[in-house]
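Below you'll find the structure, written out as structure tokens, and then a few comments.
The values are calculated or read from the model by the stated rules, or taken from the named source; none is laboratory data. Keep in mind that what you see is a predicted model, and the values were worked out from it rather than measured. Please note: Cβ atoms are built from the backbone with ideal geometry, for glycine as well, and neighbour counts cover all protein chains shown. For the accessible areas, the whole protein counts, side chains as well, though only heavy atoms, and no ligand, DNA or RNA atoms are used. Shrake-Rupley method; radii C 1.70, N 1.55, O 1.52, S 1.80 Å.
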Amino acid sequence: MNKIFEKGGKLWWLHSTADAFDTFLKVPGTVSGKGSSVRDAIDLKRIMIMVVIALVPAALFGMWNVGYQHNLTLGDGRLQILANFWYGFLHVLPLYLVSYIVGLAIEFGSSQIRGEEVNEGYLVTGFLIPLILPVTTPLWMVAAATAFSVIFCKEVFGGTGMNIWNPALVARAFLFFAYPNQMSGSQVWIPNPGPDAITGATPLALDGPAQYGTGFWDLFIGTTPGCVGETSVIAILLGAILLLWTGVASWRIMLSSVLGALFVGGIGQMAGVTGIACWEQLLIGGFAFGTVFMATDPVTSAQTNCGKWFYGFLIGALCITVRLFNPGYAEGMMLAILLMNTFAPLIDHVVVSCSISRRNKKFNAA
């Protein structure tokens with residue numbers, strides 16, 4: 001980095017910004033001066049980049065699906081790849097531009113004010129926000145939600161790694177409570193050549209894929225209406241494989257979340273509360289996307305191995321509970337994850353306390 005940005009230089013007040021650009025694609029030359037150090041190939045930057053790479057399949061398919069759903073409403077159901085993708089790309093790109101411009105501007109400004117380094121955490125948050133929103137969400141809403149999330153969910157708690165809730169989900173929750181018509185979870189807005197967008201009901205709103213007219217492969221591939229990145233289970237699974245293979249995400253949280261959903265979904269199905277099969281609950285809505293990319297957030301999830309089982313199971317169970325018993329909100333994954341983000345520290349505290357108590361009993365017995 002140029003000396004003018006170092007302490008004592010003319011542009012020292014821009015040190016955080018200059019350091020962020022200088023170390024974006026390379027490892028910083030600074031080393032620890034004292035104390036113990038750990039040499040590891042995996043650091044915050046590489047973890048964030050790995051998550052972004054894992055999100056790429058869902059993002060690419062989501063762009064194509066935006067174009068496909070648009071043409072489907074016009075009576076053209078052909079699976080034309082390039083034309084559908086280009087149409088979706090042009091509609092999703094503005095969401096990304098607003099998400100990154102607004103979010104990074106606040107991140108850089110906050111780091112400059114505090115005199116700290118700019119962390120790479122927003123690389124993932126900025127990539128997630130457009131994927132969990134309807135494609136026709138007005139850009140000013142995206143900007144407002146992003147600003148609210150970064151300021152009140154991250155910066156007031158100290159920045160990356162200090163937040164209690166998942167920032168991307170907080171942005172969606174902000175829009176859900178402030179503008180419920182666009183974020184109900186039961187309808188999705190589809191771009192239309194006319195002056196307005198049109199709405200299409202999702203399988204959740206019609207009590208299941210059977211009434212919606214979709215089968216297993218439609219849900220698994222993702223050729224259904226929904227938020228940009230949540231429809232294709234196969235694309236999400238590709239990301240999950242990468243996260244699990246690299247050890248970035250916890251398989252305990254993913255598996256326990258699925259088990260929790262199947263448990264409550266099975267009870268609801270046997271009791272006749274819903275016409276949706278328990279396994280179909282895993283394929284519709286934002287369950288798969290939330291389980292793989294949101295629930296496994298290493299900052300806001302449970303940290304103990306035992307706690308991860310409880311944390312994930314409760315997310316899956318709460319998600320399906322909301323779907324079954326709250327007719328005003330067809331989707332439940334967002335609220336389930338945010339609620340368990342809140343209780344994750346308590347879960348870890350109970351797990352650690354029980355472990356200490358058990359060891360003390362063994363020690364006293366000996």
- Evaluation of PHE363 against (1) surrounded by 11 or more Cβ atoms within 10 Å (Cβ to Cβ); (2) among the hydrophobic types (A, V, I, L, M, F, W, C); (3) more than 18 Å from CYS227 (Cα to Cα) (one fails), failing number: (1)
- Test each condition in (1) crowded, with 21+ Cβ neighbours inside 10 Å; (2) free of Cβ contacts under 8 Å to residues at least 12 places away in the same chain; (3) not hydrophobic (A, V, I, L, M, F, W, C) for TYR122 and report the one that comes out false. (2)
- Query: When the stretch 335-366 is examined, which residues are found to be among the polar types (S, T, N, Q) and under 17 Å from the mean Cα position of the chain (by Cα)?
  - Reply: ASN341, THR342
- Item | Any chance MET183 is in a loop (DSSP other than H, G, I, E, B), open to solvent by 20 Å² or more (accessible area, probe 1.4 Å) and at pLDDT 60 or above | no
- Just wondering, is there one or more residues in the stretch 51-70 that are in contact with a strand residue (DSSP E or B) (Cβ under 6 Å, 6 or more places away or on another chain), closer than 28 Å to ILE241 by Cα and modelled with pLDDT of 90 or more? yes
- Task: Could you list, in sequence order, all residues of the stretch 51-77 that are more than 12 Å from GLU230 (Cα to Cα) and over 14 Å from the mean Cα position of the chain (by Cα)?
- Result: TRP64, GLY67, TYR68, GLN69, HIS70, ASN71, LEU72, THR73, LEU74, GLY75, ASP76, GLY77
- Query: Considering only residues of the stretch 323-334 that are among the hydrophobic types (A, V, I, L, M, F, W, C) and crowded, with 21+ Cβ neighbours inside 10 Å, which is farthest from the chain's Cα centre (by Cα)?
  - Reply: ALA330
- Note on the structure: Flagged in the stretch 35-50 as modelled with pLDDT under 90, in contact with a Leu (Cβ under 9 Å, 6 or more places away or on another chain) and open to solvent by 30 Å² or more (accessible area, probe 1.4 Å), in numbering order, are ILE49
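Condition first: in a helix (DSSP H, G or I), open to solvent by less than 40 Å² (accessible area, probe 1.4 Å), touching a Pro at 6+ places or on another chain (Cβ under 7 Å) and within 20 Å of ILE49 (Cβ to Cβ). Can you find one or more residues in the stretch 102-110 that meet it?
No - not one qualifying residue is present in the stretch 102-110.
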- Message: Taking the criterion of being in contact with a helix residue (DSSP H, G or I) (Cβ under 7 Å, 6 or more places away or on another chain), aromatic (Phe, Trp, Tyr) and either in contact (Cβ under 8 Å) with a residue 60 or more places away in the chain or farther than 15 Å from GLY332 by Cβ (or both), would at least one residue in the stretch 302-309 satisfy it?
- Response: yes
- Scope the stretch 192-246; condition assigned to a loop (DSSP other than H, G, I, E, B), farther than 27 Å from PRO94 by Cβ and either aromatic (Phe, Trp, Tyr) or at pLDDT 90 or above (or both); matching residues: THR246
- TYR96 vs (1) modelled with pLDDT of 95 or more; (2) aromatic (Phe, Trp, Tyr); (3) buried (at least 20 other Cβ atoms within 10 Å of the Cβ): all pass except (3)
- Query: Considering the stretch 130-161 alone, what residues qualify as being under 19 Å from VAL299 (Cα atoms), without any contact (Cβ under 8 Å) to a residue 24 or more places away in the chain, touching a helix residue (DSSP H, G or I) at 6+ places or on another chain (Cβ under 9 Å) and open to solvent by 40 Å² or more (accessible area, probe 1.4 Å)?
  - Reply: PHE152
- Message: Quick check on my filter: what residues within the stretch 241-283 are open to solvent by 10 Å² or more (accessible area, probe 1.4 Å) and small (Gly, Ala, Ser)?
- Response: GLY247, ALA249, SER250, GLY266, ALA271, GLY272, GLY275, ALA277
- Message: Take LYS308 and tell me if it is out of contact with any strand residue (DSSP E or B) (no Cβ under 9 Å at 6 or more places or on another chain) and open to solvent by 50 Å² or more (accessible area, probe 1.4 Å).
- Response: no
